Amino acid sequence: MSKEVKELLVAMKQELSRLDCWQGVPPSAEAMSSTTPFCMDTMAFTQWLQWVFMPRMWAILDHGSELPKGSNIKPYAEEALRVEKISDLSGLIELVGKLDQLMS
């Protein structure tokens, strides 16, 4: 399963880049220290994916730790991405959904 998760993380990065949502500069330390789910009070969903979720997933994989169980990110992604007004969301939402399935 870790191979599939790695492939999905790479595909997610490619999709964020294609959507012009991949950022070169991280959010502020204050934004990164949010304790709200998905850092919704300090970051856009795409920022949270890039700067919080994906690095945590890579760290888990790199350390050979067990992946979290019961992921259910897709419903939030669908709502949050509407707010970000990104066109052609289907690819990113599909990738998030596949990741949810793998971790369920």
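Laboratory data are not the source of any read-out in this text; all were calculated from the coordinates shown. Since this is a predicted model, take the numbers as computed values, not measurements. Please note: Cβ atoms are built from the backbone with ideal geometry, for glycine as well, and neighbour counts cover all protein chains shown.
Okay, here's what the table says:
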{"item": "Among residues of the range 76-100, those that are in contact with a Phe, Trp or Tyr (Cβ under 8 Å, 6 or more places away or on another chain) and of a type in the set (Gly, Ala, Ser), counted", "result": "2"}
{"item": "Residues satisfying the stated conditions in the range 30-46, i.e. in contact (Cβ under 8 Å) with a residue 12 or more places away in the chain and surrounded by 12 or more Cβ atoms within 10 Å (Cβ to Cβ)", "result": "31, 32, 38, 39, 40, 42, 43, 44, 45, 46"}
{"item": "Residue count, the range 15-29 (criterion: surrounded by fewer than 13 Cβ atoms within 10 Å (Cβ to Cβ), within 15 Å of residue 86 (Cβ to Cβ) and not basic (Lys, Arg))", "result": "2"}
{"item": "Among the candidates 49, 102, 67, residue that is out of contact with any Pro (no Cβ under 7 Å at 6 or more places or on another chain) and buried (at least 17 other Cβ atoms within 10 Å of the Cβ)", "result": "49"}
{"item": "Selection from the range 82-96 of residues that are part of a helix (DSSP H, G or I) and out of contact with any helix residue (DSSP H, G or I) (no Cβ under 7 Å at 6 or more places or on another chain)", "result": "82, 83, 90, 94"}
{"item": "Residue match in the range 55-67 (condition: closer than 21 Å to residue 102 by Cα, of a type in the set (D, E, K, R) and either over 15 Å from the mean Cα position of the chain (by Cα) or part of a loop (DSSP other than H, G, I, E, B) (or both))", "result": "yes"}
{"item": "Subset tally (residues that are in a helix (DSSP H, G or I) and either touching an Asp or Glu at 6+ places or on another chain (Cβ under 8 Å) or within 12 Å of residue 13 (Cα to Cα) (or both)) for the range 33-54", "result": "8"}
